[in-house]
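For reference, the structure discussed in these notes is given below.
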Amino acid sequence: MLGVWMWPESVRRRGAESVFALCRRAGVTDVYFLTKGLAGTAAFLTPLTPPVDPERDLLREALDAAHGRGIRLHAWFTSASDRRFREEHPASALTHYSKGPHNDVVSIADPDYLGYMRSVLSDLTARYEVDGVHLDYIRYNHLIYGWSESDRTRMTSRGVDLGHVGKLMEDTFYSDDPAKKDAIFQAFRDGDEDVLRLAESRRADVLSFARALAETVRSSDKGISLSAALMPEGAFDELAFSDLHYGQHYADLAPLMDCLLPMAYSRAYGKGGAWVREAAVGTAKHGVPVLVGVHAYEGATGLTLREDTASCEGIPGVEGVCLFREGASVWTFLRGRSLCVFNPLSTPVTALRITAGEETVRIPCRIEQDEEQEFSVPFRPDSVQAFAEAREVCAALFADKDGD
């Protein structure tokens, strides 16, 4: 499998036929198409949610182009971030420990928001032949959030001593003493019962939300695949950060899903391929097929992307990788001794560097946004790097499936 996350802006600007023709050339098997994003608008036409573009059904365009090329399309939902719903329903906001409601993020424990999400998913699955539904943001965003009065009441009912936990929160996030900055996480590691109950409470909220959405998708009885994008911290043995901050526990969510996608964006964490492999192995141990999310946007390069992708090979249970994201990296295609380069970036690509073993060649060029150029190369490269003046940008290298 080769997946890509895709924003609807690609289809709106370049046209679905052009976008998915490139995906086919790259060998993409699965596209995770952003169907409802952070703003709360939808890429499909529904009476329940304002559209991204009122003149176009971008999901329909993407579906037709994908299925015409044998590519599976998954409707990607940023589940718990919804600026529009938050504005229309102020009480739904996720609440900061001391500063009050968040402007954009809704609480996954809000029953009205859950009902709304279920309605949107039901409408989608009834009218569109998507191959999958892909849930993102099925989590809390940070331990400092999730502290409304109803949240605190729920914690108390689950046995959390809010006085004790509150002291640890104050030490961790508000103390001037550097030695206390890890207080609540260390308490988790030390087996503090109230902190463990706090983590379990947040996990219960996330699981309840995810289970309800999963039941809605399964009820369509169309064999729609269900997948989840997960923060990578939960793939490792140390779970204090993941369980407390996110409430996103892999063992809780795995039984609900057909595929797990850990977002192992290496350079965002200052890591390399070994870390990506560890995240992949840690996810696969939960017994659900894995597609590893790899860093293919600002901060990555052609070399780091190659390293991250190679690190996922040969791991039982890992079906492939998923690039985040289409439109954020230069795509290059090998066709014999020709290299075709497509640039979706807003800045021109002004140089390429191709490498095979000890051989390296620099190719001056100028490739504007949404332009493709073809170059004859003296050898068949195993890596391609792309530059926008002095800045290196991410480049992905593919064998051209339409010509090689």
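The values are calculated or read from the model by the stated rules, or taken from the named source; none is laboratory data. The structure displayed is predicted, hence computed values, not measured ones. Cβ placement follows ideal geometry from the backbone for every residue including glycine, while neighbour counts extend to all protein chains displayed. With ligands, DNA and RNA removed, areas are computed over all heavy atoms of the protein, side chains included. Shrake-Rupley method; radii C 1.70, N 1.55, O 1.52, S 1.80 Å.
For the subset of the range 300-331 comprising residues that are among the β-branched types (Val, Ile, Thr) and assigned to a loop (DSSP other than H, G, I, E, B), which member is surrounded by the most Cβ atoms within 10 Å (Cβ to Cβ)? Looking at the filtered set, the residue picked out is THR301.
Residues in the range 370-391 that are farther than 14 Å from ARG337 by Cα, in contact with a helix residue (DSSP H, G or I) (Cβ under 8 Å, 6 or more places away or on another chain) and either open to solvent by 60 Å² or more (accessible area, probe 1.4 Å) or not small (Gly, Ala, Ser) (or both): ASP370, GLN385. Just checking, does the range 161-173 include any residue being buried (at least 17 other Cβ atoms within 10 Å of the Cβ) and outside any helix (DSSP H, G or I)? No: zero hits. Would you be able to say whether some residue in the range 62-75 is in contact with a Phe, Trp or Tyr (Cβ under 9 Å, 6 or more places away or on another chain) and either over 18 Å from VAL130 (Cα atoms) or modelled with pLDDT under 95 (or both)? No - not one qualifying residue is present in the range 62-75. The test for being part of a loop (DSSP other than H, G, I, E, B), among the aromatic types (Phe, Trp, Tyr) and crowded, with 17+ Cβ neighbours inside 10 Å does not hold for TYR113. Within the range 2-24, is there a residue that is open to solvent by 10 Å² or more (accessible area, probe 1.4 Å), within 29 Å of SER92 (Cβ to Cβ) and more than 21 Å from the chain's Cα centre (by Cα)? No: the range 2-24 contains no residue that is open to solvent by 10 Å² or more (accessible area, probe 1.4 Å), within 29 Å of SER92 (Cβ to Cβ) and more than 21 Å from the chain's Cα centre (by Cα).
For ALA204, the conditions (1) closer than 18 Å to ASP252 by Cα; (2) in contact (Cβ under 8 Å) with a residue 40 or more places away in the chain; (3) in contact with a helix residue (DSSP H, G or I) (Cβ under 8 Å, 6 or more places away or on another chain); (4) open to solvent by less than 60 Å² (accessible area, probe 1.4 Å) all hold with the exception of (3). Of the residues making up the range 29-41, those that are under 15 Å from LEU73 (Cβ atoms) and open to solvent by less than 10 Å² (accessible area, probe 1.4 Å) number 6.
Give me the residue from the range 89-102 that is not in a loop (DSSP other than H, G, I, E, B) and not small (Gly, Ala, Ser) and, out of that set, farthest from the chain's Cα centre (by Cα).
Taking the range 89-102 and keeping what is not in a loop (DSSP other than H, G, I, E, B), we get 90-96, 100-102.
Right, trim to not small (Gly, Ala, Ser) and you get 90, 94-96, 101-102.
Details: PRO90: 26, LEU94: 20, THR95: 23, HIS96: 24, PRO101: 25, HIS102: 21 Å.
If we take residues in the range 89-102 being not in a loop (DSSP other than H, G, I, E, B) and not small (Gly, Ala, Ser), then PRO90 is farthest from the chain's Cα centre (by Cα).
When the range 29-88 is examined, which residues are found to be hydroxyl-bearing (Ser, Thr, Tyr) and either part of a loop (DSSP other than H, G, I, E, B) or under 16 Å from the mean Cα position of the chain (by Cα) (or both)? Reasoning before the result, please.
Step one: list which residues in the range 29-88 are hydroxyl-bearing (Ser, Thr, Tyr), which gives 29, 32, 35, 41, 46, 49, 78-79, 81.
Those that are hydroxyl-bearing (Ser, Thr, Tyr) and either part of a loop (DSSP other than H, G, I, E, B) or under 16 Å from the mean Cα position of the chain (by Cα) (or both): THR29, TYR32, THR35, THR41, THR78, SER79, SER81.
If the condition is being open to solvent by less than 10 Å² (accessible area, probe 1.4 Å) and either out of contact with any Asp or Glu (no Cβ under 8 Å at 6 or more places or on another chain) or among the acidic types (Asp, Glu) (or both), then the range 44-64 contributes THR49, LEU58, LEU59, ALA62.
Please enumerate the residues belonging to the range 217-228 that are assigned to a helix (DSSP H, G or I) and either free of Cβ contacts under 8 Å to residues at least 40 places away in the same chain or open to solvent by 10 Å² or more (accessible area, probe 1.4 Å) (or both). Hit for the range 217-228 is ARG218, nothing else.
Given the criterion outside any loop (DSSP other than H, G, I, E, B), open to solvent by 10 Å² or more (accessible area, probe 1.4 Å) and of a type in the set (A, V, I, L, M), identify the matching residue among VAL105, VAL120. Don't jump to the end; show me each part of the working.
On the way: VAL120 fails: open to solvent by 10 Å² or more (accessible area, probe 1.4 Å).
Step by step, each of VAL105, VAL120 is checked, and only VAL105 is outside any loop (DSSP other than H, G, I, E, B), open to solvent by 10 Å² or more (accessible area, probe 1.4 Å) and of a type in the set (A, V, I, L, M).
Would a scan of the range 283-296 turn up a residue that is charged (D, E, K, R) and under 18 Å from the mean Cα position of the chain (by Cα)?
No, the range 283-296 has no match at all.
Kindly evaluate THR125 against the criterion of being part of a helix (DSSP H, G or I) and buried (at least 17 other Cβ atoms within 10 Å of the Cβ). It is true that THR125 is part of a helix (DSSP H, G or I) and buried (at least 17 other Cβ atoms within 10 Å of the Cβ). Looking only at residues of the range 82-92 that are touching a residue at least 40 places away in the same chain (Cβ under 8 Å) and open to solvent by 10 Å² or more (accessible area, probe 1.4 Å), we find that the one that is farthest from GLY146 (Cα to Cα) is ARG84.
Among the residues in the range 276-297, are any open to solvent by 20 Å² or more (accessible area, probe 1.4 Å), at pLDDT 95 or above, in a loop (DSSP other than H, G, I, E, B) and closer than 26 Å to GLU392 by Cβ? Checking the range 276-297: at least one residue is open to solvent by 20 Å² or more (accessible area, probe 1.4 Å), at pLDDT 95 or above, in a loop (DSSP other than H, G, I, E, B) and closer than 26 Å to GLU392 by Cβ.
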